[in-house]
Every structure is written in C-alpha cells, then in structure tokens.
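To start, the structure itself, in structure tokens.
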Amino acid sequence: MFLVRSKTMGLLSRILVFLLVITMFSVTGPLSPEVSDAADEIDEISVGSADTLLDAVKNMKDGDELTVTLDSDIELDDPASPLEEDVTAGLVIDGNKTVTVLFNGHSISSAVLDKVIDVEKGSKFVFGDEGDIVNSSEEGKAFTSTGTVTRVAGLCLRFYGDTAAKDRVEKRPEGKIVCSKKRYTVTLAPTTGGVIKDSSGELAAEGGSTEKVYYAEGEKAVFKAVPKESHYISSIKVNGVARTVNYKSGQKITVSDIQENTKIKVSFAIRKYKITAKKETRPGGNGGTITGTCSVEYGANKTFKMVPKFGYDIKKVYVDGNSVGRKTKYTFRNVKKKHTIKVIFKKVDALKVMIDAGHVGYYNRYVGKFDGGYYYESLMTWQLHKYLKKYLEEYNNVIVATTRTSLWRDMDVYDRGYKAKGCDLFLSLHSNSSPSSSTDYPLVIRQLSADKSEKELASKFSRNIGNTMGCRQEPSVWTRYYRSGGRKFEYYGVLRGARAAGVNGYILEHSFHTNRKMALWLYKKSNLRKMARREAAIIANHYGLHKKDGTATPTTIATPENKAPYRAKITADTVRVRKKAGSSYKQIGTLKKGGIYTIFRLSSSGKWGKLSCDSSGWIYLKGNTKKVKADTDVTNYKVRKNVSESLNIRKGPGTNYSILGKIKSNSTIYVIKSETKNGKWGKLKDRSGWVSLDCVKRVY
C-alpha cells in the first residue's frame, strides 16, 4: 500500500470517490473497449483534491494509463485529509502504469512527506505542462523516480544534477518545471534589536532567533534587515564575509546565485548618545569634580555628580546650556539624544579645618572597665572629632572636613596629614599613655615651623584640656623631630604630611588613658561634648569667627579651674575636708584656723577648692579662706606614697633633678614642710629632697 488513509476517510469515502471517478469518465468520453472493469476504463480525470488524485492512481491496474488534469492546487497533507504516520510518500506510481499530469498552472505539494511524487521501476510519469511539485519539509524530495520520466513535445524542462528524476523539482521564476538535484538552506540569524524581512516585507526572522528558509540552486534571495528604533545595524555577514553597512536604519541583503547553504547574520547594536561633561572654576583653579563624559544607551538614565573640593562650592549647573540651579547631582532620564552638562565651582572665603580621629577600629584600651564597657582611644577620638565638627559648624565662615569617613577605614599617617591640603588648620585628636598610672598632663605637639600665633594656639589647646579635664599636672607643648642630611624633619607622620601640604597642624593629646581618672572622664560622652564645645570656641576666638545664631563667641576660654593654683589661709576655726566638691560628700579630715595651704584646682562653680596632693580632698572656700602671697610657706602636713611603683626623692622640684633616694613603702608617713607655687612638688621635712605631690596622699 502506497497511501494509507486515516480512519475518518474509511471504506465509505473510497466507494464514493470511486463512483465519482466512474461518473467523470462517462462524461468525458467512451471507455476503452478492451478494458472490462471500471478501473481499466479510466484514462482521463480532472481532480481538485488530494483524495480524488490519490484514489484515482491507487485504483489503476498494471498496464493502465491515466491523464490527470489539476483543477486546483493539491496539498497531499491537507489537515482535511490527514495521512497516517507511516506514510513517507504521497503520490506513488508503481507497477506497469503510466500517469500523465496536466498541471494547468497548479501544484502538488507537501510539508511533511519524504517524497511528494515517487515513480517506481516499471512505471512511467509524463509532465503534461508547466506547474509546481513542491516539498517544503527540510530534507524532503519533491519528485523521485526509478522508472521512466518524459515530457510532452515542446515543454521546456531544466534538469540540474546527474539524475534529475531522482531529486526534487521546484518552479523557477520563469514558470518552468525545474528538476533540481540540490536544495540549499538559507539560515537567517538576526541578533536582538531588529528583524529580517523577506522581499515582500513579511517577517522572516525575529531578533535573537534563528530561522531557516529554502532555495533551489541558482535562485536569488532578497531580504531586508530592519532595526528597532532603539538600535542600528552594526554588521552584516554572509557566510562569515562582512558586507558594507550603508544604511544603518535598514538595508537590503541580496544573494544573487545560491550555490551552497548560506548563513546571513545581522548584528544590531543599541544606539548610544554622548553626554559631554565640563567643569569650570571661578576665579580659577580646580574647584571639584564631575562625573566624566560618557555614552548612554538609548532610553537609559544617567546620573552625574558634582563634588566641590574642600574650600569650594557649586555656583551653578547648566544642562544643554540652560541653568538648573546649584545641584550636587543631576539625572538625565530616558536618553534619546546627545546632551551636555557643565558645573561652575567657586572658591569659598572661609576658615578650612581638617580634623583627624587618631586611630582606627578598637585601639588602645584602658585595662579596667567602666559601667561594663571598656575605654578605647580610637572610639573616644572618633566621637570627639564628630562633636568638634558639629560645634565648629555652628559658626559662620568655617568649613570642616574629616580625614576618614569610617571608624574602620585606615589611612597612612602621612596621608592623613596631607589630606589637609588647602586647609588653614589640621588637628589630630588622641589620648596619651604612660607607664605611670598617675601621669595626667595634657600635651599638644606643634610643628617645628609654627609662628608666634600658632604657638599661642597650641598653648590655648593645652591649657584648655588641662582645665576642662581637671588634670593635676601642668599642660605641655612639644615639638619633636629627627635629623636627616643635616636637616630637621617632623617626627610624627601626620604633622609631616600637614607641613608638606602647607597647613598648620597639631596633635592634641587629651591627657593619659593609662590614668584611671582621666580614662573615666574621656569615657563619658557628656564630657566629650564639653571638650568639643570648648575646643571649637578656642578656634573661633583665635580666628575671629562668630556664631550663626548671633550669640557671642567667648573671648577667652577661662574657667574657674584656670585661676588656680594659689595659696590660701584658713580663716574659720575649723574647715571640713570632703572627699569631693560638695557638702554631701564624705568628710575625710579637718583644717585648723591659720593654716596655709595650696588650692590646686577649683570646682566648676568656683566655690570649692582642691588641696594639693593626690586624693587630698576639697574644702569650701567662701567665708573659710582668703588668698595670701604665692611665696607664703605652707603649713606642714603629713603624706604617704600613693602609687604602686617606687617614688623618687629628687634633689630639686622637677624630674630634671638627680635622684637622691626612693620611697618604697606606702605606709611610711612623711611630712611636707614647703611646696612649689604651683603645688606640684613638696619638700620633705626630715630629708633634704623633693617628691612629686601627684604621687602622695595627704594623711589627716
């Protein structure tokens, strides 16, 4: 069986077709007299459907001849006449049969079969006139034969290949029946961003897909590459060979004579538009940065940022020549054309201060705990430098910056100092450390090149730290250097960097965190806010700044504490000595009328005075004391050592004097018979030496 019908076209359909064929033959003329049955009498038939054609040929007997005239195009795999899955050929001519087809300008076609027409050995097929035999399946044949193939006289057939009858047949543009040995694949491969259309304008391949179309050998193929609005044609390649792109918005692609499988690849690229960025600084120089000139894809957004350098501000921003005001950023949205953006920076006439928080992360911890937490120098300076920036910015005409943006961002010490380039003042904030737990003096380290005014500022910072924190030891101002090639250089990297940048710089050591009392003071944020306010006021007073809210700027940073030390005489019969400044605190001793003592420090109210020596206690001053001359000898009093290490006895009142001996016991009592004016050193009564009063405790 050469053609298997589906169940829907069963026996009844075949009987009806058979009767129809007999009727048609009876109309067209008498049957051959030597043919005894209906099938033998059929010699001509007009057909308009696949069923009629296939059944007519099937019902032929060996030796029959049949002429078929096509009334319409015949689709062998028409959905209305489905073929069984096993069928590989459509119109099969077998046995000793002869079939002549008058195409009448029509076609016989299939899109799924391996063969459209197959002429087997011993049979004969005659091309009666011009028409089409088409197989559009990828590997299918239109016409194959092992039998005899002929044509009517005068009909032009063009054969390609060695054995035309074994290969496919297609209609050429001139309308002739063409037997062609080869059929070639044209692969269309457009990238995303466009399509390829055929010569009639119909879509042939979507962007991002691969489609195949088929052409007979020697045919001409014409396509057109069409990009989307957002894209353009970037390249066209035919079998890997680039073609010139003359029209990026749409171009024809012609392959004139197809002699092989052909691949047409069209690459589309998204359109990009240049946004030109410019900057200008008035009156001159480099006042900042702007996001650089770039290309932006069609329909995309692009944000430009304008960042003024320290000491500069944005005067105006222009977009495509039009002012958009003073902006730090501007976004171009849905870009579909070229643009320009320009920023104008201006120099700001203001005091410029760079603040450096001394250390990164968790650094330099005090050994003890406070309220369940630890003191770290790095955490303290980070908090203090934020407070100082905040309080400085309460003044007019000042710009404040910081060396680091994060507690965890480390920088080389030289780079931190050099970052102040363009500033007027550089401050690096710290707390100090010492082997002695009693050391508490404030220290400011200035640059070697400091002038008189800059030295005065260093002294102000140092005195303020001591007065604000209640340090017992005198404030100090240092310089430190090393020599190289006969020249002096700043020892500390931050000051070396600041000096290289041409900026006046200081290191502010806020006492010693190895002293428990000082570490506790620095641990409290309220104290850091107090320190920051006072340091901001020192800077404002030194440089002549004024508050933005109109309130007065202190002309000095004087506090009650900085009026001490002085000598005082007890005028009341007896005066209680309290552990701290306040009548609610524990009494630890009494002083008698007429005694002369050094008031080492005053309370914030100025009403209480602290006696010299560590942990010596406080007395209420008003009505109980009066000042006397600074060189008045103090009343003898008893002390004992109050530090863990040995206490040196020196020849004179200072660490630069030679050591005469040591006090090792904390229980031995000594008598102090005189003091230095500042109450820092005391002379022993029964020995000729001096001891530091910071290291002894008064015994009542």
Calculate what fraction, in whole %, of the accessible area of the stretch 300-362 sits on carbon and sulfur atoms when a 1.4 Å probe is rolled over the protein chains.
-> 44
The answer for the chain, accessible area per residue at 1.4 Å probe in Å², is 50
Sequence-distant residues sharing a close amide H with Tyr481 (under 5 Å, placed H) | Tyr491
How do the peptides 578-586, 420-428 rank, highest first, by the average count of neighbouring beta carbon atoms within 10 Å per residue?
-> 420-428, 578-586
Any chance you could check the Cα centroid distance between the stretch 224-287 and the stretch 429-472 for me, in angstrom?
-> 69
Net length gained if the chain between Thr185 and Ser484 were fully extended (0.36 nm per residue, minus Cα distance) | 99.4 nm
The relative contact order of the stretch 431-523, taking Cα pairs under 8 Å that sit 6 or more residues apart, comes to a percentage of 44
How far apart, in nm, are two points set 7 Å out from the Cα along the Cα-to-Cβ line at Arg409 and at Asn104?
-> 8.9
Using a Förster distance of 60 angstrom, determine the FRET efficiency expected from the C-beta separation of Ala630 and Arg333, and round it to 0.05.
-> 0.20
Hey, rough spin-label estimate for Ser453 and Thr303, points 7 angstrom out along Cα→Cβ, what's it come to in nanometres?
-> 4.2
Per-residue ³J(HN,Hα) for the stretch 365-376, Karplus 6.51 cos²θ - 1.76 cosθ + 1.60, θ = phi - 60°, Hz, x for Gly and Pro = 9, 6, 5, x, 10, 10, 6, x, x, 10, 8, 10
Which of (1) 326; (2) 174; (3) 158 is the computed volume of the Cα convex hull per residue in Å³ for the structure on display?
-> (1)
Over the chain, what is the mean sequence separation of C-alpha contacts under 8 Å (at least six apart), divided by residue count, expressed as relative contact order in percent?
-> 6
Here, trypsin sites (Lys or Arg not before Pro) of the stretch 348-420 satisfying both criteria (DSSP loop; at most 15 other Cβ within 10 Å) are Arg409
Could you give me the ³J(HN,Hα) list for the stretch 416-426, computed from phi with Karplus coefficients 6.51, -1.76, 1.60 and θ = phi - 60°, whole Hz, x at Gly and Pro?
-> 5, x, 5, 5, 7, 3, x, 8, 9, 8, 10
Go through Leu508, Tyr362, Ser406 and say which Cα lies farthest out towards the positive end of the charge dipole of the chain; charges sit on Cβ, +1 for Lys and Arg, -1 for Asp and Glu.
-> Leu508
The stretch 272-337: trypsin sites (Lys or Arg not before Pro) in DSSP coil with no more than 11 other Cβ atoms inside 10 Å = Arg333, Lys337
Cα-Cα over 19 Å: which of Lys390/Lys452; Lys302/Lys342; Lys274/Lys336; Lys452/Lys548?
-> Lys390/Lys452; Lys452/Lys548
A chain fully extended from Asp257 to Arg529 at 0.36 nm per residue, minus the present Cα-Cα distance, gains in nm 89.1 nm
Be a star and scan the stretch 461-477 for residues whose amide nitrogen sits under 17 Å from the point 7 Å along the Cα-to-Cβ vector of Thr655.
-> 466, 471-477
Pop the C-beta distance of Ser46 and Asp114 into the FRET formula with R0 = 41 Å and round what comes out to the nearest 0.05.
-> 0.90
For the chain, the longest principal axis of the Cα atoms and the Cα long axis of helix 11-28 enclose an angle in degrees, to the nearest 10, of 50
For the stretch 667-686 versus the stretch 481-543, the gap between their alpha-carbon centres in whole angstrom = 33
Place a point 7 Å from the Cα of Arg365 in the direction of its beta carbon; the residues of the stretch 386-416 whose amide N falls under 15 Å from it are none
Hey, can you grab everything whose amide H is under 5 Å from the amide H of Phe512? Only 5+ residues off in sequence or another chain; H modelled, so Pro and N-termini drop out.
-> Asn432
What's the extension gain from Glu211 to Ser646 if we count 0.36 nm per residue and subtract their Cα-Cα distance?
-> 147.0 nm
Per DSSP H run of n ≥ 4, the term is -39500 (n - 2.57); total these for the chain, divide by its residue number, and report the mean residue ellipticity at 222 nm rounded to 500 deg cm²/dmol.
-> -4500 deg cm²/dmol
Estimated FRET transfer efficiency when R0 is 45 angstrom, pair Arg243-Lys274 (beta carbons, to 0.05) | 0.95
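The values are calculated or read from the model by the stated rules, or taken from the named source; none is laboratory data. Being a predicted model, the structure only gives us computed values, none of them experimental. FYI the Cβ positions are ideal-geometry reconstructions off the backbone, even for glycines, and counts take in every protein chain you see. Surface accessibility is based on the protein's heavy atoms, side chains included, excluding ligands, DNA and RNA. Shrake-Rupley method; radii C 1.70, N 1.55, O 1.52, S 1.80 Å.
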